[in-house]
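Only one structure is covered here, and it is reproduced in the block below.
Read the figures in this text as sums done on the coordinates, not as results from a lab. Given the structure is predicted, the values throughout are model-derived calculations rather than measurements. Positions of Cβ are generated from backbone atoms using ideal geometry, with glycine treated the same way; all protein chains shown enter the neighbour counts.
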Amino acid sequence: MCFDTDSTPPIFAQAVTTVRSKPVVLNSADGSAFSAFLAQPEQSSGVGIIVLPDMRGLYAFYEQLSVRLAEQGHAAIAIDYFGRTAGTAPRGPDFPFMKHIFQVSRKNIGEDIMAAISYLRQADGTACHSLFALGFCFGGRQAFFASAARFQLNGVIGFYGAPGVYPNGAAGPTQHAAEFSTPILAIFGGADSGIPASDVAAFDEALTNAAVPHEIITYPNAPHSFFDIKYQEHAKACKDAWQGVLDFINSKKSRNEIRF
């Protein structure tokens with residue numbers, strides 16, 4: 001189960017800078033327009049983060065998360081997946097995302113990520129020189145795929161992104177690990193019924209065999225989508241995961257540092 005539309009990211013760090021934010025429309029390599037949400041810090045760290053939502057696409061949780069990241073000095077842009085089938089107009093909570101998620105492709109998502117990367121490198125007041133992908137659920141899976149060298153990212157972070165084969169037979173990050181090179185931080189919930197521990201172990205083994213720098217963190221009692229302010233019983237895991245994300249970004253923002 002992905003986040004609810006009224007979910008809120010449980011952020012624990014104090015803001016270090018003020019933020020400007022706005023919706024934007026980007027253009028992919030095939031000419032398709034898609035929606036995104038940009039949060040820019042007034043005092044930039046030089047880091048840019050592409051935020052990859054769950055299968056519902058762009059909505060308030062990821063806009064809020066982008067602002068929280070920007071408050072730490074990191075420009076963030078959360079992208080939508082459905083520009084090709086649903087356009088770029090604002091959508092309500094009743095948006096039939098399942099109708100659209102089956103029409104997206106990994107190729108098109110990759111092109112959209114590349115468009116977001118280009119935007120962050122060139123946007124006025126941003127000009128990021130270190131770039132990361134951060135995804136959740138379906139977006140976590142896409143973040144793992146963005147470890148491929150062609151994206152030229154400093155690191156990728158995935159929260160409970162399914163690493164194995166999908167029920168429809170689509171191969172996952174585990175099966176594509178040999179194509180990866182960018183450092184990976186993978187975060188899972190040990191009580192996630194949709195991602196068994198055996199899948200996480202197989203992902204770990206595949207990344208090790210492919211010599212991909214990685215760290216896998218599993219919070220034993222946390223469910224899928226635990227990174228939500230509503231899960232008060234998992235506040236400790238949320239706080240630790242958030243700090244882990246910030247530490248990972250800080251340790252990988254130099255292009256010369258490629259190992260944990």
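Brief remarks on what is shown
- Added length on full extension, which subtracts the Cα-Cα distance from 0.36 nm per residue, V24 to Q122: 33.9 nm
- Charge dipole of the range 19-251 (Cα centre as origin; +1 on each Lys and Arg Cβ, -1 on each Asp and Glu Cβ, all else neutral): 460 debye, rounded to the nearest 20.
- Global size of the range 164-217: 11.0, 29 Å for Rg and Dmax (C-alpha atoms, Rg to one decimal, Dmax whole).
- Per-pair calculated FRET efficiency, R0 = 22 Å: D247 and V16 via Cβ, rounded to 0.05: 0.90
- Simple label model, 7 Å out from Cα along Cβ direction - F95 to S198, nm: 3.6
- Radius of gyration over Kirkwood radius for the range 105-219, both on Cα atoms: the Rg/Rh ratio is 0.98.
- Relative compactness, the range 1-156, computed as alpha-carbon Rg over 2.2 N^0.38 Å: 0.96
- Taken as Cα centroids, the range 37-65 and the range 136-206 sit 20 Å apart, rounded to the nearest whole angstrom.
- Candidate aspartates and glutamates - alpha carbon under 12 Å from K107, same-chain residues fewer than 8 apart omitted: D30
- Directionally averaged projected area (the chain, Cα convex hull): 12.5 nm².
- Within-15-Å neighbourhood charge of T5 [Cβ basis; K, R +1; D, E -1]: -4
- Taking every DSSP bridge with both residues inside the range 19-251, close to 35 percent are antiparallel.
- Farthest positive-ward along the range 19-251 dipole, Cα basis, beta-carbon charges - from G164, A149, S118: S118
- The phi-based Karplus calculation (6.51 cos²θ - 1.76 cosθ + 1.60; θ = phi - 60°) puts the 3J(HN,Hα) values of the range 172-182 at x, x, 4, 6, 10, 4, 5, 8, 8, 8, 6 Hz, whole numbers, x for Gly and Pro.
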